[in-house]
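To keep things clear, I will list the structure first and then write my remarks on it.
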Amino acid sequence: MTNEVAVVVGASGAIGTTITAELVNSRLTVIGVGRDGAALAAMEVAHGEHFRGCIADISRDDSIEIIRNHLVERTVAMVVHAPGVPVAGGVKSVATEALVAACNVKVAGLLRLVRACEQAFRPGSRIVAIGGHYGFEPSPYAATAGVANAALANMVRQLSWAFGSSGVTSHLLAPGPADTDRLRQVLRDRAALNGTRIEEEVAAMRADSALGALTEPRQVAWAVKMLLAPEADALAGSSLMLDAGRRRGLP
């Protein structure tokens with residue numbers, strides 16, 4: 001393992017696995033954080049010495065020390081916060097505890113990740129959070145994703161000011177909707193509410209994009225890799241919309 005690493009929370013998820021592969025291809029060693037030890041072990045086999053699993057639950061404060069213990073004598077070039085949150089239905093039916101849990105994982109989880117890694121940051125290190133389209137375009141069908149990702153955008157901006165004087169920049173990537181199993185569950189819920197077929201809902205969601213497309217995990221991984229460049233300092237605190245031309249509002 002090299003002394004300079006990237007730490008990826010949600011490394012074994014649909015988007016996290018693609019991000020991890022891109023970072024490994026960029027010659028970074030990745031510390032992959034997640035709860036699924038078997039999935040992390042499989043990634044260690046796939047990536048060899050360039051990946052190490054870290055079993056930790058980012059929704060708990062004890063994850064801070066667990067992650068920190070994997071960073072002894074290492075420098076952190078980038079942290080990527082990409083955990084998934086449960087799909088809990090629309091705003092009319094979502095349980096209030098599901099909203100609390102989503103914010104704990106997405107927002108408080110990012111803060112735990114930063115606190116675990118901050119002593120290993122150096123000028124030019126990146127804090128990257130994966131948010132989502134629904135944080136900027138609220139939908140009554142995706143309550144947890146909308147509320148948690150909206151709060152995440154605020155947290156990223158706060159971190160930008162808190163760490164900017166040290167040369168550490170914070171960034172939010174807002175993909176989506178991304179073509180993953182999680183999205184398909186959202187669309188199944190929407191179809192049940194609307195009395196339609198899931199194929200109709202997929203077609204309607206594609207039609208909401210100027211390109212008639214859903215975002216792909218590889219496109220999110222490309223954006224993460226782009227942030228490794230020193231020129232990305234100019235994007236400090238910003239939210240990058242990776243939505244295939246879905247938003248209509250300004251800015």
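The values are calculated or read from the model by the stated rules, or taken from the named source; none is laboratory data. Because the structure is a prediction, the values reported are computed rather than measured. Every residue, glycine among them, receives a Cβ derived from its backbone with ideal geometry; neighbour counts consider all protein chains shown.
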- [ ] State yes or no: is Leu113 under 16 Å from Ala11 (Cβ atoms), of a type in the set (A, V, I, L, M, F, W, C) and crowded, with 17+ Cβ neighbours inside 10 Å?
- [x] yes
TODO: Taking the options Ala142, Ala174, Ala151, Ala129, name whichever one is among the hydrophobic types (A, V, I, L, M, F, W, C), more than 12 Å from the chain's Cα centre (by Cα) and modelled with pLDDT of 95 or more.
DONE: Ala151
TODO: Could you tell me which of the residues Ala101, Ala77, Ala95, Ala108 is more than 17 Å from Met155 (Cα to Cα), surrounded by fewer than 22 Cβ atoms within 10 Å (Cβ to Cβ) and touching a residue at least 40 places away in the same chain (Cβ under 8 Å)?
DONE: Ala77
Open item on the list: Just to be sure before I move on: is Gly124 touching a residue at least 40 places away in the same chain (Cβ under 8 Å), in contact with a strand residue (DSSP E or B) (Cβ under 8 Å, 6 or more places away or on another chain) and surrounded by fewer than 19 Cβ atoms within 10 Å (Cβ to Cβ) in the structure I sent?
Closed with: yes
Task: Among residues of the stretch 156-202, those that are in a helix (DSSP H, G or I), in contact with a Leu (Cβ under 9 Å, 6 or more places away or on another chain) and in contact (Cβ under 8 Å) with a residue 24 or more places away in the chain, counted - done: 4
Open item on the list: Can you pull out every residue in the stretch 19-57 that is surrounded by 19 or more Cβ atoms within 10 Å (Cβ to Cβ), among the β-branched types (Val, Ile, Thr) and more than 22 Å from Glu73 (Cα to Cα)?
Closed with: Ile19
Open item on the list: Condition first: more than 22 Å from Lys106 (Cβ to Cβ), under 20 Å from the mean Cα position of the chain (by Cα) and among the hydroxyl-bearing types (Ser, Thr, Tyr). Now tell me which residues in the stretch 19-78 satisfy that.
Closed with: Ser26, Thr29
